[in-house]
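Asks: Here's a structure for you.
The values are calculated or read from the model by the stated rules, or taken from the named source; none is laboratory data. Quick caveat: nothing in here was measured; it's all calculated off a predicted structure. Note that each Cβ is placed from the backbone with ideal geometry, even for glycine, and that neighbours are counted across all protein chains shown.
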Amino acid sequence: MADLSNTIKGSYYMKTGEYSQAEVDFEEAVKKHPDSKSAQYYLGRFLLAQNKATEALSHFERAVVLDPGDADYHSWLGITYGELGDVNAEEKSYERALRLNGHHLQVRLYLGHGRLRKGNLRLAIEAYDAVLIEQPTNPAALYNRAFILDIQRKYSAAKMAWLKYLHWYPAGRFALQATDHLNALGDFSYENQFIGDRAITLAEIKFQQSRSSVSQSSYPPLRLIGAIVSNLPKGTLQVVVCVHNNKQLVKERAIENAKTGAMAFINTVHFSRLSEN
């Protein structure tokens, strides 16, 4: 009954984020029931959530002793070792957890992170591949796998890996970084653009073959530009279009870009570099 009560209370505090109050409550629970595995575990979790890894360690170790068959206990013990910089103990904890539950995605993911920090690139990518078998769109596994391939100079595979990451996660800080890596490999399917003081990642704007009409796949990024422009107090939106030996098509595509993205703000658009080349 005590363990059930701890689980209910611990889940509540996890959802509310009241970590300091949770620490007080579970310290009391550990004093009353030092052999309660759940009390030790949750106290460790709430200490770790407050960046108190040194204090959390003994509680996770105690939880593992009380219930060595729980993969989660080994997992969080490993995370705590990682926070304290003991990468060897961290990896061993993850390996024990995986022997208990071979499909534990968090453990697989953190095992990859630990191996990457140690420079064991081959083993790290194996761990990330195992995560992606279970969860093909896991963002951390996709990003770090691409990063490793880049480090290994497997440029063709790295390019495909960066494209896969950006397909699923085309926005945010890591998208900006992934795009820089992709561009460094000579692929400009995505580019980072600056509109006002904001940096965004945009997929290549595509047109229907030999026509000025924008491909439907390009509507989302153009409309994103329009939404950003609509909130700018002032400024000029520059549209750069290049087509080989067809100046009229260049102009038509530039106008179509502006119409699709900027809509009512077409009058603020300045067409720069209407290039034929």
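Asks: Is there a residue in the stretch 81-88 that is within 24 Å of residue 9 (Cα to Cα), surrounded by fewer than 21 Cβ atoms within 10 Å (Cβ to Cβ) and either touching a Pro at 6+ places or on another chain (Cβ under 8 Å) or among the charged types (D, E, K, R) (or both)?
Replies: For the stretch 81-88, residues within 24 Å of residue 9 (Cα to Cα), surrounded by fewer than 21 Cβ atoms within 10 Å (Cβ to Cβ) and either touching a Pro at 6+ places or on another chain (Cβ under 8 Å) or among the charged types (D, E, K, R) (or both): absent.
Asks: Now for a separate question. Out of the residues in the stretch 34-63 meeting the condition of being surrounded by fewer than 24 Cβ atoms within 10 Å (Cβ to Cβ) and among the hydrophobic types (A, V, I, L, M, F, W, C), tell me which one is farthest from residue 94 (Cα to Cα).
Replies: Looking at the filtered set, the residue picked out is 49.
Asks: If we scan the stretch 125-132, do we find a residue that is under 26 Å from residue 53 (Cα atoms), surrounded by fewer than 21 Cβ atoms within 10 Å (Cβ to Cβ) and modelled with pLDDT of 95 or more?
Replies: So far as the stretch 125-132 goes, no, none of its residues is under 26 Å from residue 53 (Cα atoms), surrounded by fewer than 21 Cβ atoms within 10 Å (Cβ to Cβ) and modelled with pLDDT of 95 or more.
Asks: Check the stretch 179-191 and report whether any residue there is under 23 Å from residue 132 (Cα atoms), crowded, with 16+ Cβ neighbours inside 10 Å and out of contact with any strand residue (DSSP E or B) (no Cβ under 8 Å at 6 or more places or on another chain).
Replies: Checked against the condition, which is being under 23 Å from residue 132 (Cα atoms), crowded, with 16+ Cβ neighbours inside 10 Å and out of contact with any strand residue (DSSP E or B) (no Cβ under 8 Å at 6 or more places or on another chain), the stretch 179-191 yields at least one hit.
Asks: Write out, first by first residue and then by second, each pair whose Cβ atoms fall under 6 Å of each other, whose residues are 6+ apart or on separate chains, and whose first residue, in the stretch 50-79, is modelled with pLDDT of 95 or more and part of a loop (DSSP other than H, G, I, E, B) while the second is crowded, with 17+ Cβ neighbours inside 10 Å and not aromatic (Phe, Trp, Tyr).
Replies: 67/37
Asks: Considering only the stretch 12-22, state which residues are within 20 Å of residue 53 (Cα to Cα) and assigned to a helix (DSSP H, G or I).
Replies: 13, 14, 19, 20, 21, 22
Asks: Within the stretch 146-182, work out how many residues are over 20 Å from residue 126 (Cβ atoms) and basic (Lys, Arg).
Replies: Of the residues in that region, 2 qualify.
Asks: Here's another thing I want to ask about it. Among (1) in contact with a Leu (Cβ under 8 Å, 6 or more places away or on another chain); (2) buried (at least 16 other Cβ atoms within 10 Å of the Cβ), which single condition is residue 97 missing?
Replies: Status for residue 97: all satisfied but (1).
Asks: Same structure, new question: Mind counting the residues in the stretch 1-22 that are crowded, with 20+ Cβ neighbours inside 10 Å and not hydroxyl-bearing (Ser, Thr, Tyr)?
Replies: 3
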